[in-house]
Amino acid sequence: MFARHHGGVFILRIEDTDRKRSTDEAIAIVLDSLRWLGLDWDEGPEVGGPFGPYRQTERLDLYRETADRFVARGAAYFCYCTPAELEDRRRAALARGQTPGYDGRCRNLTEQEREAFDREGRPKAIRFAMPGIDTTVHDLIRGDTRFPANDLRDFVIMRSDGTPTYLLAAAVDDVEMKMTHVIRGEDLLPSTPRQLEIMRALGADPPAYVHLPLIVGHDHQPLSKRHGAVAVEWFKEQGFLPEALVNYLALLGWSFDETSTFFTKEQLVERFDLGRVSRNPAAFDAQKLEWMNGHYIRESDDARIAELLSEALFAQGIPADFDTVAAAVPLVKERMRTIVEGASMIRFLFLDDLAPDEAARAMLGPDRSDYLREAASALEKIEDWKADPIHEVLQTLREERRLSSKQAFQPIRAAVTGTLVSPPLFESMALLGRERSLERIRRSAGQTS
């Protein structure tokens, strides 16, 4: 929103130097998710641009050359400390009541000591030599944050396997790609003073930084898998519309005013202002997202919803006739919050071996069999099988039996749809058809005998 609002350039960069986490499959999910959300990028994978490549594993030579230059100038040095040695020293510092961090052991090694380690074949990383002074980070929404020198110890920029760390690669790329603004989560704020020092060592002016509040769950902890689904593809599979998800996510930590909720993507771009971004964490409210998604479903064209419902049913292994799905859309559109929920409401139209759910089975108890048989007999006399005649027949039967609407209609609903939550009953029966409706009612009557 910020890039589009200011007529800037939105860059997608794949930071994949951690190969355990950044698989090709994970990267494909990123690209597909952004495309589905309609968040197009101006530079990046599959688009190109003047500062490519945009995948960090294709820029490794640049990072290695930078690290080597730092070592040659004394801005970085080789570190031979093993993970076990670092862990022992970390525990010792904690035992002394000190803040753990690298103690600079290899910073002042002599040439002879380094040569001895090299002859030994000991793996070596490259550490950046911090200047040992306090560093202030200016953030466009948080103001200034001061980091004491003792918290900014020398850090690894090249691993012993020759791959760069995020701290080096991102800083180098921000300089090389001429970034003016970096907007990211506040969990990366501690990385910023270190990256500022790398940029100073490169002789470059740093970009402006914005660290956004994190999204949290109901327990006020950072949103993660323990809170349920957090991946875009899950929301897509469950039938959330991309415009609903974009609208909702935009409101997590930002607002235009005190009352407005629904925005098109164009309106979000037009009205976005960093000055209205909150410093406080934003709570992810699944119920509000579902409510907003329901709004967007109701605002959507019936043909689009029919297509999405057909896809959802197909994904469940249900071969749905599109014309029937399209005819059912007006019956469920006002009731559904997600596409998958809507598909569950109309699946009875396409499954003849439908098994009633627990609530429907309870409604079809032994005391219902006579009523169901009587209802089937009355309904089979209808010549024009439409919602109004069906309603009239069942309404007459209800009055004759002196039943409440629930007592009269819910057993029919359970028999016909297999559930007590369905589209309007009489319209559902009309759409299902005369023979299939009567067959299900009679079958349920027989099962309850």
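Computed from the coordinates by the stated procedures, all read-outs in this text should not be read as laboratory data. All figures in this text were calculated on a predicted structure; none of them were measured in a lab. Note that each Cβ is placed from the backbone with ideal geometry, even for glycine, and that neighbours are counted across all protein chains shown.
A few comments on the model shown:
- Any cysteine of the chain lacking a neighbouring Cys Cβ under 4.7 Å - listed by number: 81
- Unit charges on C-beta of K, R, D, E only; dipole of the stretch 219-321, Debye: 500 debye
- Reachable aspartates and glutamates from residue 20, criterion Cα separation under 18 angstrom, eight or more residues apart if same chain: 58, 161
- For the stretch 1-136, the relative contact order is 22 percent, taking Cα pairs closer than 8 Å that sit 6 or more residues apart in sequence and dividing their mean separation by the residue count.
- Straight-line cross-link reach from residue 333 at under 25 Å between alpha-carbon atoms covers these lysines, not counting any fewer than eight positions away in the same chain: 236, 265, 288, 386, 406.
- Cα lying deepest toward the dipole's positive end in the chain, options 269, 215, 121, charges on Cβ: 121
- Positive-end extreme of charge dipole, the chain - chosen from 326, 106, 172 (charges on Cβ): 106
- 0 to 90° range, to nearest 10: angle between helix 24-37 axis and the chain longest Cα axis: 60 degrees
- Gaussian network model of the chain, Cα within-10 Å springs - most flexible of 105, 69, 35: 105
- Using C-alpha pairs under 8 Å with a sequence gap of at least 6, the mean separation divided by the residue count of the stretch 276-406 gives a relative contact order of 19 percent.
- Within the stretch 258-298, trypsin sites (Lys or Arg not before Pro) in DSSP loop having at most 14 other beta-carbon neighbours inside 10 Å: 279
- Each Cα pair under 8 Å and six or more residues apart adds its separation to the average, and for the chain the resulting relative contact order is 11 percent.
- Each part gets one Cα centre, and for the stretch 84-102 versus the stretch 404-449 those centres are 71 Å apart.
- About its Cα centre, the dipole of the chain is roughly 1280 debye, where the only charges are +1 on Lys and Arg Cβ and -1 on Asp and Glu Cβ.
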